[in-house]
Amino acid sequence: MLYQRLNKPLHPAIILIISAYLCIGWADTWEGIRAGAAQIKSVQAEFIQEKHLKILARPLISNGSLYFESPGSLRWEYITPIHSILLIHNGASKRYIESDGHFKEDDAVRLQAMQVVMQEITLWLNGRFDANPDFQASLVQNRKIVLTPKQDALALIIKRITLQLSEKPGIIDEVMIFESEDSYTRLVFKNPVLNLPINETIFTKVR
Amino acid sequence: MKYNLLLISVAMLLASCSALPEIAPVAPSEESAIRQQCKALFPQGKRQFVHSIEADMAGGRQTTMIGVTSISSTDLTIHCVMMTIEGLVLFDGVFDGQKIIINRGVPPFDSPSFAKGMIDDIILIFFHPQTPAVHIGTMEDGALICRFHTGKETAQDVVIHPNGSWMIRQYNGNQLRRTVQADVNANTAKRISDKITLNTYGSQRYSLILKRIESHHLEHHP
């Protein structure tokens, strides 16, 4: 009888429960998160960025894609409304903007405020949410991480960052960057593809 | 290469020192129509614009940002925000018609002089001069022109070219200080240009290319 039951294909609901059980806890501790992220060698995903500001009649929506390869190669590309590409590879970062069909190198990447954002993105994708000494990282319930600046100078730029981790280990579903209560950026990631080899030129060339 | 740069520099210097262009007078009956055409170039009421701003600054630095500008032509107020493409707000300031209030400024966008320059640019681009036109007529190439004396030594020309593109030229004395060039839209029914280029002359030279992303009427927005 038992043999017969074991030989039957597992009911989809049972598979779901088992899968959920296996995933429970990956984001309960920093060790679990680091272990989950350690399995990730590369990530490809699309994202939607919503900029919310009190002044805006409606949120400003941007669309783009990201490629990440551990430990620190990143291509962060906006398709709309402005086609721009941020490339980080071998410790060097460059940003290019398309204007009238041509890509031009952009100097905003040198802004100190931008350096903070770029450093954070690569740390998150490595699962090192608590690695930046400038932020106090707290792990709250339901796989949510809250990063709060430790210094007043940084708090003037960013009030806090919240990251919603996916049920699937190593994946971020959503990031909220609060500059104030009525000025924030929401990034929603979709269609993640993990551990697929990425050609190095993705991180070094705009096309 | 150096020779070309020298030629460009001399040409720009000559342009900045050029005298105000001659205006051929028109019949009084035509003046009113030209005056209306000059006025119609500027947005009326409460409007909001979202632009990509390509800035070309002294020293060859180039950057692109997103600018949000809310204006009211009735009470001459401005609220503007500049942010990176990633959404990081670098500057948030308000001009209440008298003074500028900086709500947020991330270095190097936190200085009062930066805020003043930015508000001056917005006023030049989006607001019809507050003084009446003192000369209305045509230019040698057939363009329509309205000239305003905006201060004791400052003047402003609004020029409408025969192809529909238009330009603002701002002078201090006889010296050209800033120009605004608005391209003709592919959709000519839209009055506000989709692409506006601002150039400044003098010691603090820079240029800004504004490309429209969105625009909204704000009559029902707080």
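The values are calculated or read from the model by the stated rules, or taken from the named source; none is laboratory data. Remember, predicted model here, so these are calculated numbers, not experimental data. Virtual Cβ from ideal backbone geometry, glycine too; neighbours counted across all protein chains shown. Side chains included, ligands, DNA and RNA excluded: accessible areas come from the protein's heavy atoms. Shrake-Rupley method; radii C 1.70, N 1.55, O 1.52, S 1.80 Å.
Can you list the DSSP H helices in chain A whose Cα atoms extend at least 15 Å along the helix axis and whose mean Kyte-Doolittle hydropathy is -1.0 or higher? Intermediate results must be reported in sequence, preceding the final value.
On the way: long enough: A:12-23 (16 Å, 2.33); A:112-125 (20 Å, 0.75).
Result, helices passing both filters: A:12-23, A:112-125.
Remark: the protein assembly as shown carries a charge dipole of roughly 580 debye about the Cα centre, counting +1 on each Lys and Arg Cβ and -1 on each Asp and Glu Cβ.
Taken residue by residue and averaged, Cβ atoms of other chains lying within 10 Å of the Cβ of A:55-68 number 4. Taking springs between alpha-carbon atoms closer than 10 angstrom, which of B:Ala40, B:Ala155, B:Ala58 fluctuates most in the Gaussian network model of chain B? The residue that fluctuates most here is B:Ala58.
Could you order A:Ile88, B:Ile123 so the one with the most accessible surface comes first? Probe is 1.4 Å.
Numbers: A:Ile88 20, B:Ile123 60 Å².
Highest to lowest solvent-accessible surface, that is B:Ile123, A:Ile88.
Choose one answer from B:Pro107, B:Pro129, B:Pro43: the residue with the largest mean-square fluctuation in a GNM of chain B with alpha-carbon springs under 10 Å. Maximum fluctuation in the GNM of chain B, among the listed residues, is at B:Pro107. Sequence neighbours fewer than 8 away in the same chain don't count; with that in mind, list the aspartates and glutamates whose C-alpha is under 19 Å from B:Lys39. Cross-link targets: B:Glu30, B:Glu31, B:Asp75, B:Asp120, B:Asp121, B:Asp157, B:Asp183, B:Asp194. Dividing the C-alpha radius of gyration of chain A by 2.2 N^0.38 Å, with N its residue count, gives 1.16. Surface composition of region A:2-203: carbon and sulfur atoms hold 55% of the protein heavy-atom accessible area at a 1.4 Å probe. Our analysis of the protein assembly as shown gives Rg over Rh at 1.09, with the two radii drawn from alpha carbon positions and Rh computed by the Kirkwood formula.
Give the residue list of trypsin sites (Lys or Arg not before Pro) in region B:120-170 that are DSSP loop and have at most 11 other beta-carbon atoms within 10 angstrom.
Details: sites: B:Arg147, B:Lys152, B:Arg169; in loops: B:Lys152.
Answer by residue number: B:Lys152.
Taking region A:36-187 as the region of interest, the number of lysine pairs whose Cα atoms are within less than 23 Å, with members eight or more places apart or on different chains, is 11.
Of the GluC sites (Glu not before Pro) found in region A:108-207, those that fall in a DSSP loop while having at most 12 other beta-carbon atoms within 10 Å are A:Glu181. Solvent-accessible area per residue in the protein assembly as shown equals 52 Å², computed with a 1.4 angstrom probe and all protein chains kept.
At a threshold of 8 angstrom on Cα-Cα distance, excluding pairs fewer than six apart, so keeping six or more, what relative contact order does chain B reach in percent? Before the final figure, lay out the partial values.
Values: 443 pairs, mean separation 48.6, N = 222.
This gives 22 percent for chain B.
Of A:Ala108, A:His52, A:Ala153, which is farthest along the charge dipole of region A:2-203 in the positive direction, counting Lys and Arg as +1 and Asp and Glu as -1 at C-beta? Value: A:His52. In percent, rounded to a whole number, the relative contact order of region A:2-203 is 23, using alpha-carbon pairs under 8 Å and six or more apart.
In debye, nearest 20, what is the charge dipole magnitude of region A:2-203 about its Cα centre with +1 on Lys and Arg Cβ and -1 on Asp and Glu Cβ, if you could check? Mind dumping the intermediate values first?
Values: 21 positive and 22 negative charges, 122 e Å.
For region A:2-203, the charge dipole is close to 580 debye.
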